[in-house]
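Colleague: Following this message is one structure expressed as structure tokens.
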Ligand code: XMP
């Protein structure tokens, strides 16, 4: 109600985060006890409402895995060959398991060279594999220490540890508490790092690794729980492009083939994201994917209108990204003269989403935790690029300039990113299909290196929880209903930041 009055009073003004502040409310809520989980779709729940942007200087496997470990989600960008994107997703999905229900097994008839090739192609970090016959019965274990180039010509049957020497456990013995059973086994068997699960007939049913079990135990003691799928793997998203044939038609076969490969790797969400989501191109891809993958979470965008939200949700999107031009590296508003300041865009879109039931992702323009609090009074999650691009987990190397450390951060609509994207998707740069856009709508920039993603997220989520405490909101639904907006004058804005003092920078060591 307050949002209705406030935004209709300001109907002809586009507002963004710094234009408003939130009023405090009576509270019995302790910030650290607030719940910040959100539902992105029927199948996908995140434990923190933060998503890392599908940008080539923000999210590849390392960032996506770290986001999921902290309860969020990373969307792996598509400015790379399709095969490589699949490998990046596989790295995240294989990062940590409880019980690996369908372990990669090999035949005793294959050779070490075949195993090495498979590891290379699929980007596996592990080198130990159960060996099974054609009925999927365990016959041995190929240990990492023999998966070496020098043994390329050796047959797996001759290199494996035979069945009698492999540690196994019956499926029925782990039914009640799989992690507990595995934990006890590794405690009792010093030096053993793999435990294979079999059914009564000796068929392979799963695999535990000690390092995974140790990480899970450590994570259980933390406040924020990782975002995992039903088989205990970290969740991962990927962006998918609306690839076209040379004749300009949507390349349905190629899009579906790539999506199927991503689904086979266990992808949790596909994002069809372009600068203009309220368009036939994006809608058609969303419809295509929805028709083929009924249970897959689909994110689409970007839009800034109620009609845009309605259109994409009708096409089959579970979540819609909102934001045109608020991003730190965006020049869409300058180049195209188009876009709506982000808070107003979020308000308009959130009104439509109330009717469609679509989740709203506030994408771009978030520069501090207070912006996240404001964005979540209207949307369900936020997507950030700039805030994560300086983290260790972001792709790219560190540059030193005048004693300061930086990482590259560039808009996906910048000239170099567009060139890299088409070169990756269409072959060599000189043969690359020309982008649909002539003028760049993003810049190339640098971000000062900001340490680990864990620390950055701790600060951001801590700020979000403080905001919830001030509003007396114990969860994100209450944050939305309890928000009261106040327009801020330029003097009010100045007052909001530290002023009239010389700030001392305190380092962590202090
Ligand atoms: P922040 O503010 O978090 O914004 O750095 C990240 C978001 O910006 C969008 N994006 C672009 N927008 N031109 C644009 O107009 C670009 O080149 C560009 N690249 C990324 C995108 O929505 C991202 O999540």
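FYI, it's all coordinate maths here, none of it is from the lab. Quick caveat: nothing in here was measured; it's all calculated off a predicted structure. Note that we place each Cβ from the backbone using ideal geometry, even for glycine, and neighbour counts take in every protein chain shown.
Colleague: Say R0 is 22 Å: what FRET efficiency, to the nearest 0.05, do residue 104 and residue 135 get from their beta-carbon distance? List each step's numbers first, then the result.
Modeller: Numbers: r = 17 Å, r/R0 = 0.79.
It comes out at approximately 0.80.
Colleague: Subtract the Cα-Cα distance of residue 503 and residue 155 from 0.36 nm times their separation in residues, and report this length gain in nm to one decimal.
Modeller: Working: separation 348, 0.36 × 348 = 125.28 nm, distance 6.66 nm.
My answer for the length gained is 118.6 nm.
Colleague: According to the Cα gyration tensor, what semi-axes, each the square root of 5 times an eigenvalue, does the equivalent ellipsoid of the stretch 207-303 have, listed from largest to smallest in whole Å? Spell out each step's value before the answer.
Modeller: Values: eigenvalues 231, 45, 19 Å².
Equivalent-ellipsoid dimensions as semi-axes: 34, 15, 10 Å.
Colleague: For the stretch 1-136, what value does the Rg/Rh ratio take when both radii are computed over Cα atoms and Rh is the Kirkwood radius, given to two decimals?
Modeller: Working: Rg = 23.1 Å, Rh = 19.6 Å.
Here Rg/Rh amounts to 1.18.
Colleague: Taking Cα atoms, how many degrees apart are the long axis of helix 112-122 and the longest axis of the chain, rounded to 10 and kept between 0 and 90?
Modeller: Rounded to the nearest ten degrees, it is 10.
Colleague: Sticking with this one: If the convex hull of the alpha-carbon atoms of the stretch 110-173 is projected onto planes in all directions, what is the mean projected area in square nanometres?
Modeller: Numbers: hull surface 20.5 nm².
If you wrap the Cα atoms of the stretch 110-173 in a convex hull and average its projections, you get 5.1 nm².
Colleague: In nm, to one decimal, how far is the modelled label at residue 249 from the one at residue 32, with both set 7 Å along Cα→Cβ?
Modeller: In this crude spin-label approximation the distance works out to 6.1 nm.
Colleague: Starting from the 7 Å offset along Cα-to-Cβ, what nm value, one decimal, do you get for the label separation of residue 399 and residue 459?
Modeller: Placing both labels 7 Å along Cα→Cβ, they lie 2.2 nm apart.
Colleague: May I have the extent of the alpha carbons of the chain along their three principal axes, as whole Å values ordered from largest to smallest?
Modeller: Computed over the chain, the largest-to-smallest principal extents equal 77, 60, 53 Å.
Colleague: Per-residue counts of other Cβ atoms within 10 Å, averaged by peptide: what ranking do you get for 163-171, 296-304, 95-103, 451-459, highest first?
Modeller: Going from most to least packed, we get 296-304, 95-103, 451-459, 163-171.
Colleague: Okay, next question. Within the chain, what percent of beta bridges assigned by DSSP are antiparallel, to the nearest 5?
Modeller: Working: 31 of 61 bridges.
If I count the DSSP bridges inside the chain, around 50 percent turn out antiparallel.
Colleague: Given the DSSP H assignment, sum -39500 (n - 2.57) over each helix run of at least 4 residues in the chain and divide by its residue total; what's the result at 222 nm in deg cm²/dmol, nearest 500?
Modeller: On the way: 18 runs with 177 residues, N = 510.
Computed mean residue ellipticity for the chain: -10000 deg cm²/dmol.
Colleague: What is the Rg over Rh value, at two decimals, for the stretch 358-419, using alpha-carbon atoms and the Kirkwood definition of Rh? Could the numbers behind the result be given before it?
Modeller: On the way: Rg = 14.5 Å, Rh = 13.6 Å.
Here Rg/Rh amounts to 1.07.
Colleague: Label-point separation (nm) for residue 117 and residue 336, each offset 7 Å from Cα along Cα-to-Cβ?
Modeller: Inter-label distance under the simple model: 4.5 nm.
Colleague: Follow-up question, since we're still on this one. Once both axes come from the Cα atoms, what is the angle between helix 342-356 and the longest principal axis of the chain, in degrees from 0 to 90, rounded to 10?
Modeller: With both axes taken from Cα atoms, the answer is about 60 degrees.
Colleague: If one takes the longest principal axis of the Cα atoms in the chain, at what angle in degrees, from 0 to 90 and to the nearest 10, does the Cα axis of helix 306-315 lie?
Modeller: 20
Colleague: If one puts a single equal scatterer on every Cα of the stretch 1-52 and applies the Debye formula without solvent, what log₁₀ I(q)/I(0) results at q = 0.18, 0.24, 0.26 Å⁻¹?
Modeller: -0.97, -0.97, -0.97
Colleague: Right, here's the next one. Can you tell me the FRET efficiency between residue 256 and residue 173 if r is taken as the Cβ-Cβ distance and R0 is 30 Å, rounded to the nearest 0.05? Provide the component values of the computation, followed by the final result.
Modeller: Numbers: r = 42 Å, r/R0 = 1.39.
In this case the efficiency is close to 0.10.
Colleague: Of all the C-alpha pairs in the stretch 278-384, what % are more than 21 Å from each other? Could the numbers behind the result be given before it?
Modeller: Working: 1827 of 5671 pairs.
Counting pairs separated by more than 21 Å, the tail of P(r) holds 32 percent.
Colleague: Oh, and also: Let's test the formula: R0 of 51 Å, r as the Cβ-Cβ distance of residue 486 and residue 42. What FRET efficiency results, to the nearest 0.05? Kindly include the intermediate steps, with their values, before the conclusion.
Modeller: Details: r = 36 Å, r/R0 = 0.71.
In this case the efficiency is close to 0.90.
Colleague: Give me the mean projected area, in nm² to one decimal, of the convex hull enclosing the Cα positions of the stretch 89-230. List each step's numbers first, then the result.
Modeller: Working: hull surface 36.9 nm².
Mean projected area of the Cα convex hull: 9.2 nm².
Colleague: Rg and Dmax of the stretch 281-343, using alpha carbons, in Å: what are they?
Modeller: Radius of gyration, then largest Cα-Cα span, for the stretch 281-343: 13.1, 39 Å.
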